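Participant: Sharing a structure here in structure tokens format.
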Amino acid sequence: MMSLRNEKLETTMIHASTRGDYEKRSGAVNVPIYLSSTFHQDQLGEFGPYDYSRSGNPTREALEKTIAELEGGHRGFAFASGMAAISTAFMLLSAGDHIVISEDVYGGTYRFVTEVLPKFGVTHTFINFTDLAAIQQAIQPNTKLIYIETPSNPTLRITDIKGVVTLAKTHDCYTFLDNTFMSPLYQRPLDLGVDVVLHSATKFLSGHNDIIAGLAVVKDPALGERLAFLQNAFGSILGVQDAYTLIQSIKTLGARFTLSTASAEKIAHYLNNHPLIEAVFYPGLPNHPGHEIHAQQATSAGAVLSFRLANRTVAKAFVEAMRIPVFAVSLGGVESILSYPAEMSHAAMPKAEREKRGITDGLLRFSVGLEHVDDLLNDFEQALQAATNVCTTV
Ligand SMILES: *Cc1c(COP(=O)(O)O)cnc(C)c1O
């Protein structure tokens, strides 16, 4: 099957992985799992398309081609985790280079940038990325990378992607963007000039809270060569069984994400009108700072939101009363996930730093799954009632 001109992403998600040679010969509707670490060489001095699975494997390649097509890129790379993808991409830098990075990046990225990269002579400046002027001021002569995550975690702050790309191009820097919260279905950063798109495929792309995986995509062929070299040199590739699982999961991304996003919108509006909720953070709400910029660079607000209750006591009562969601870290699965950033994802951050970022002791994050939205709303209703009772008895 060939791709149609102007094919929609939902169609590409389903067919991209089986547009390779093997499937043409066999007619298989699913990519085979090539459990082969090494590949026979016909003659001395003659190499086939694959030699050793760290440098290339047909199953992994089907996944890498799929994500490259979905992001509108030239080349995709699959890694053992989102952090493996992110840390390998950072290896494009050299000692003496400087990074300007969003102050509310994912915790693992924060850890890598603050505790690993300085050992290799790579320095950084954290900036509030809703402020383009502040980003510009932080650029130094040795700045080689501007690192974006939008919407950010957990308060869904929005960065103006085109604005940052323009700054980066003027100063001859790369831009990387962590697109985990949107997926290519809703946001395609390469189209806006970003150099490297990164994913924790553990989240919406895999969607079933089952595997850990990471992806990177580039548009520039020369940059693709460099990243391919690093993927092979560092070696944190995704195994073929997980590559197969991810290929299958991506086929349903369109259906899953569309439904969970529709539910997220309903839940965000419901929470926005509830007297016990002090604030709702969701880029789809017109009162969300960054709502307009997000609408210009993404086609939807996604399925993660956060909201603020008065304090830890009320938040605790609410969490204990919720029945449907998993109470855990992570997001993007068919099971809704409720989490408490202050003591989960951002536990390592000093309280003052947390509060500066809006991560107060009453903040909860909700990743909307595929349960019926009426059940989720009923669950919120009864849990907020339980939390109200705590408020009135204190
Ligand atoms: C989870 C996550 C990561 C890290 O990915 P892993 O697959 O857990 O290594 C990076 N960025 C964002 C935004 C994430 O949510």
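Participant: Would you list which lysines come within 17 Å of Lys251, measuring only between C-alpha atoms, while excluding same-chain residues fewer than 8 positions from it?
Facilitator: Leaving aside lysines fewer than 8 places away in the same chain, those within reach of Lys251 are Lys8, Lys65, Lys203.
Participant: What distance in nm separates the two pseudo spin-label positions at Asn311 and Asn378, each 7 Å out from Cα along the beta-carbon direction?
Facilitator: Here the answer is 3.4 nm between the modelled labels.
Participant: Ok, one more. Once the convex hull of the C-alpha atoms of segment 69-113 is built, how many Å³ does it hold per residue, rounded to a whole number?
Facilitator: Normalising the Cα hull of segment 69-113 by residue number yields 116 Å³.
Participant: When only Cα pairs under 8 Å and 6 or more residues apart are kept, what is the percent relative contact order across the chain?
Facilitator: Value for the chain: 17 percent.
Participant: What Kirkwood hydrodynamic radius do you get for segment 24-105 when you take the inverse of the mean 1/r over all pairs of distinct Cα atoms, in Å?
Facilitator: Answer for segment 24-105: a Kirkwood hydrodynamic radius of 15.9 Å.
Participant: Sticking with this structure for a sec: Per Stokes-Einstein, at 25 °C and 0.890 mPa s, what whole-number D in µm² s⁻¹ belongs to segment 129-223, with the Kirkwood radius over Cα pairs as the hydrodynamic radius?
Facilitator: The calculation lands on 175 µm²/s.
Participant: Within a Cβ distance under 12 Å of Gly358, other residues only, what is the Lys/Arg minus Asp/Glu net charge?
Facilitator: 0
Participant: Distance in nm between label sites at Val334 and Lys356, each 7 Å beyond Cα in the beta-carbon direction?
Facilitator: Rounded to a tenth, the inter-label distance reads 4.2 nm.
Participant: For Ala222, what charge total do you get from the other residues with a beta carbon under 12 Å from its beta carbon, if Lys and Arg give +1 and Asp and Glu give -1?
Facilitator: Residues near Ala222 contribute 0 overall.
Participant: Between Ser3 and Ile324, what is the FRET efficiency for a Förster distance of 45 Å, r being their Cβ-Cβ separation, to the nearest 0.05?
Facilitator: According to the calculation, E is roughly 0.70.
Participant: What whole number of Å gives the distance from the Cα centroid of segment 313-359 to the Cα centroid of segment 178-195?
Facilitator: The distance from the Cα centre of segment 178-195 to that of segment 313-359 comes to 26 Å.
Participant: Can you give the Rg and Dmax of segment 244-300 based on its C-alpha atoms, in angstrom?
Facilitator: 14.4, 46
Participant: Once R0 is set to 35 Å, what does the formula 1/(1 + (r/R0)^6) return for the Cβ-Cβ distance between Leu44 and Phe229, expressed as a FRET efficiency to the nearest 0.05?
Facilitator: 0.90
Participant: Determine the sum of side-chain charges near Thr114: Lys and Arg each +1, Asp and Glu each -1, restricted to other residues whose C-beta is under 14 angstrom from that of Thr114.
Facilitator: Net of charged neighbours comes to -2.
Participant: If you build the convex hull over the alpha carbons only and average its shadow over all orientations, what do you get for segment 68-142? Give it in nm² to one decimal.
Facilitator: 6.1 nm²
Participant: Between Ser336, Ser36, Ser102, where does the largest GNM mean-square fluctuation fall for the chain, given springs only between Cα atoms within less than 10 Å?
Facilitator: Looking only at Ser336, Ser36, Ser102, the biggest GNM fluctuation is shown by Ser36.
Participant: In degrees from 0 to 90, rounded to the nearest 10, what is the angle of the helix 221-234 Cα long axis to the longest principal axis of the chain?
Facilitator: Here the helix axis deviates by roughly 80 degrees.
Participant: Can you list the lysines whose alpha carbon sits under 20 Å from that of Lys144, skipping same-chain ones fewer than 8 residues off?
Facilitator: Lys119, Lys162, Lys169, Lys219
Participant: Just the Cα atoms of segment 292-394: what Rg and Dmax do they give in Å?
Facilitator: 14.6, 46
Participant: Between 0 and 90 degrees, rounded to the nearest ten: what's the tilt of helix 58-71 against the longest Cα principal axis of the chain?
Facilitator: Helix 58-71 sits roughly 60 degrees off the main axis of the chain.
Participant: Kirkwood Rh over Cα pairs of segment 172-260 into Stokes-Einstein at 4 °C, 1.567 mPa s: D in µm²/s?
Facilitator: Roughly 92 µm²/s, to the nearest whole number.
Participant: Please provide three numbers in whole Å: the alpha-carbon extents of the chain along the principal axes, with the largest listed first.
Facilitator: 81, 52, 36
Participant: Going Cα to Cα from Lys266, which aspartates and glutamates come in below 18 Å? Please leave out same-chain ones fewer than 8 positions away.
Facilitator: Glu278, Glu335, Glu371, Asp374, Asp375, Asp379, Glu381
Participant: Let's see if you can work this out: charge +1 on each Lys and Arg Cβ, -1 on each Asp and Glu Cβ, no other charges. What is the dipole magnitude of the chain about its Cα centre, in debye to the nearest 20?
Facilitator: Its charge dipole is roughly 180 debye.
Participant: Taking the Cα atoms of segment 323-374 alone, what are Rg (to one decimal) and Dmax (as a whole number) in Å?
Facilitator: Values for segment 323-374 (Cα only, Rg and Dmax): 12.4, 38 Å.
Participant: With everything on Cα atoms, drop me the angle between helix 253-272 and the longest principal axis of the chain, reported from 0 to 90° to the nearest 10.
Facilitator: Approximately 20 degrees, to the nearest ten.
Participant: Residue separation times 0.36 nm, minus the C-alpha to C-alpha distance between Asp210 and Ser94: what's the value?
Facilitator: Roughly 38.3 nm would be gained on extension.
Participant: Is there a quick way to get the dipole size of segment 339-394? I mean about its Cα centre, with the Cβ of Lys and Arg at +1 and of Asp and Glu at -1; what is the value in debye to the nearest 20?
Facilitator: Taking the Cα centre of segment 339-394 as origin, the dipole is about 440 debye.
Participant: Let me ask something else about it. How far, in nm, would the chain grow between His274 and Thr166 when pulled straight, counting 0.36 nm per residue and subtracting the alpha carbon separation?
Facilitator: Here the segment from His274 to Thr166 would lengthen by 34.9 nm.
Participant: Oh, and also: If each residue's Cβ is checked for other Cβ atoms within 10 Å, how do Thr170, Thr175, Thr150, Thr123 rank with the fewest at the top?
Facilitator: Least to most surrounded, the residues fall as Thr170, Thr123, Thr175, Thr150.
Participant: So for Tyr52, Tyr34, fewest C-beta neighbours within 10 Å to most, what's the order?
Facilitator: Tyr52, Tyr34
Participant: What FRET efficiency comes out for Phe120 versus His74 if R0 is 30 angstrom and r is the Cβ-Cβ distance? Round to the nearest 0.05.
Facilitator: 0.60
Values in this text are rule-based calculations from the coordinates and carry no lab data. All figures in this text were calculated on a predicted structure; none of them were measured in a lab. Glycine gets a Cβ as well: all are built from the backbone with ideal geometry, and neighbour counts include every protein chain shown.
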